[in-house]
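One structure is given here, and the rest of the page talks about it.
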Amino acid sequence: MPILGIIASAISGNLSAPSYDSIATTTLGTTASSITFSSIPATYTHLQLRISFLCSNNDGWQWMQAGNSSLDTTATNYSSHYLRANGTSPSADYATGGINANARGYRWGYANTSSATSPYVAVIDILDYANTNKYKTFRSLNGQDANGSGEVFLTSGLWMSTAAINTIQISNSTGNNQTSYANYNTYTSAALYGIK
């Protein structure tokens, strides 16, 4: 009987894992309402954003905007869906046009509990970001363990533009729209990777 490990080791180029290259990392030394990555090279297939954030507000959506040279703030160019579980009351929702005219981005998470001491973490995939023949899709897995409480989110989103993405920004709001921002606390960190 053949040994599968030996067979697999003889296969060339089919079982290799994707290669992740670090593009940029930001760790806040002071509070800030947003983190921006610009001049993103178009040399990868996908992007991945890994975030660990702290904030003092306990009721606010997390957003991501995308663009080519400048951020697209047109509400109708974004849509999003999410599944949310917190141990007691799971929920799901969708939004087109970024929820409303004052919500101009992809909502990837929600700070339900003050995370001034309990980090909220997220991994956001930005698929086919440099492809100029299709709209851009996002997906995120994120959540928080708040010492006995917390939640987990699974989200997906769309930026309805065929432009290549070379600029992205994440921001922290104090409610359901992007007209009122709250700060990310010191030591919030965001790292951008390119996937070959």
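Derivation of every value follows stated rules applied to the coordinates shown; laboratory data play no part. These numbers come from a predicted model, not from an experiment. Because the Cβ atoms are built from the backbone with ideal geometry, glycine has one as well, and the counts that use them run over all protein chains shown.
Placing a pseudo-label 7 Å from each Cα along the Cα-to-Cβ vector at Ile195 and Asn133 gives an inter-label distance of 2.0 nm.
How would the stretch 19-195 be classified by its alpha-carbon gyration tensor: rounded, prolate or oblate, with rounded meaning a/c under 1.5 and the a/b versus b/c comparison settling the rest?
In terms of gyration-tensor shape, prolate.
Whole-Hz Karplus values for the stretch 62-69 come out as 9, 10, 9, 10, 10, x, 10, 6 Hz, taken residue by residue from phi with 6.51 cos²θ - 1.76 cosθ + 1.60 and θ = phi - 60°; glycine and proline positions read x. Neighbours of Ile126, meaning other residues whose beta-carbon lies under 10 angstrom from its beta-carbon, give a summed charge of 0 when Lys and Arg score +1 and Asp and Glu score -1. Amide H to amide H distances under 5 Å link Ser180 with Thr174, where only residues 5 or more positions off or on other chains count and H is placed in the peptide plane. Charge tally around Phe153: other residues with Cβ under 12 Å, Lys/Arg +1 each, Asp/Glu -1 each, net +1. For Tyr129, the residues whose amide H sits under 5 Å from its own are Leu47, ignoring neighbours fewer than 5 places away on the same chain, with H placed 1.01 Å from N. Peptide packing: for 161-172, 134-145, 37-48, the average count of neighbouring Cβ atoms within 10 Å per residue gives the ranking 161-172, 134-145, 37-48, highest mean first.
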